[in-house]
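Take a look at the structure set out below.
The values are calculated or read from the model by the stated rules, or taken from the named source; none is laboratory data. Remember, it's a predicted structure, so these values are computed and weren't measured experimentally. Here the Cβ positions follow ideal geometry from the backbone for every residue, glycine too, while neighbour counts run over all protein chains shown. Areas reflect the complete protein model, heavy atoms only, side chains present, ligands, DNA and RNA absent. Shrake-Rupley method; radii C 1.70, N 1.55, O 1.52, S 1.80 Å.
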Amino acid sequence: VRGSFKEWVRQRTEGWSSWFGARDQLAETRRKLERAEADLKLADAELRTLSLQVLEIDALRSLFLLPKRENYRYVYGEVVSRRVRPTESRLWAGVALADAAAGGIPRGAPVIAYGENEWGAVGQVMEIQDHRVEVMLLSDPRLKIGVASAASAALGSALINGAGMDRLSLDYVAHPHFMKALTPGTTLVTAIESQFPPGLPVARIVEEGTAGDPATRLQPRAILPFGGLRYVVILVQEGAGDAGEAK
């Protein structure tokens, strides 16, 4: 009996020891898991920071590629929100308080952005509120600008209308000869009569529909996707004062 009792006590003691050991191992495993989760969150935050830095570096690099235009001051802005719909296309960009001061940015000032390895026209300033600027994008149905062919100014000019979202359309009725001279791949740039400096890329002509189909027609496609803009530059003409409202 004494031997059986001792064996029972030994087995119980080993069982308790194993249980306490397993509990300690579980607690240590939980602590390691918590440390790993904390390290993962830290690494994720660092990755996000690095990603933002890469975007900022790309934006700054693009600024070096922006050709200097005389009589213009450049105001750098970061897009903070946007509303790109079939009925309207707007975005809001944050700018430095000094640039957004009264009279610092006139209404109607042209707005450009970088993409596809070139700078292109994207819209015009509508309102300035504190350090935020509201921009009406070229795809807004209420905005129209004059464009010309980058290949030959002799083709004359036409109007590009906003068609909502990222879409643009050409005024076919008013300029039939201009349309007949266009071919797929032609780049359309801002014309002299537009409120933009002349020569800024706006759209490229693409052919929509099946080849040989009578319904096939040429359409302008925006150089830059308006819904994906992150950084913009506002061109403020020196000495222009308060420009007129955007169309």
Of the residues in region 140-165 that are on the phi < 0 side of the Ramachandran plot, modelled with pLDDT of 85 or more and assigned to a loop (DSSP other than H, G, I, E, B), the one that is farthest from the chain's Cα centre (by Cα) is Ala150
Boolean, Ala38 is over 30 Å from Arg204 (Cα atoms), hydrophobic (A, V, I, L, M, F, W, C) and at pLDDT 80 or above: yes
Report, ordered by the first and then the second residue, all pairs with beta carbons closer than 8 Å, sequence separation of six or more or different chains, a first member in region 73-88 that is assigned to a loop (DSSP other than H, G, I, E, B), and a second member that is open to solvent by less than 70 Å² (accessible area, probe 1.4 Å) and at pLDDT 90 or above. Thr87/Pro141; Glu88/Asp140; Glu88/Pro141
Considering only region 193-236, state which residues are open to solvent by 70 Å² or more (accessible area, probe 1.4 Å), modelled with pLDDT of 85 or more and not in a loop (DSSP other than H, G, I, E, B). Arg204, Glu207, Arg221
For region 128-139, how many residues meet the condition of being within 19 Å of the chain's Cα centre (by Cα) and among the charged types (D, E, K, R)? 2
So how many residues does region 41-80 have that are at pLDDT below 75, under 16 Å from the mean Cα position of the chain (by Cα) and not charged (D, E, K, R)? 10
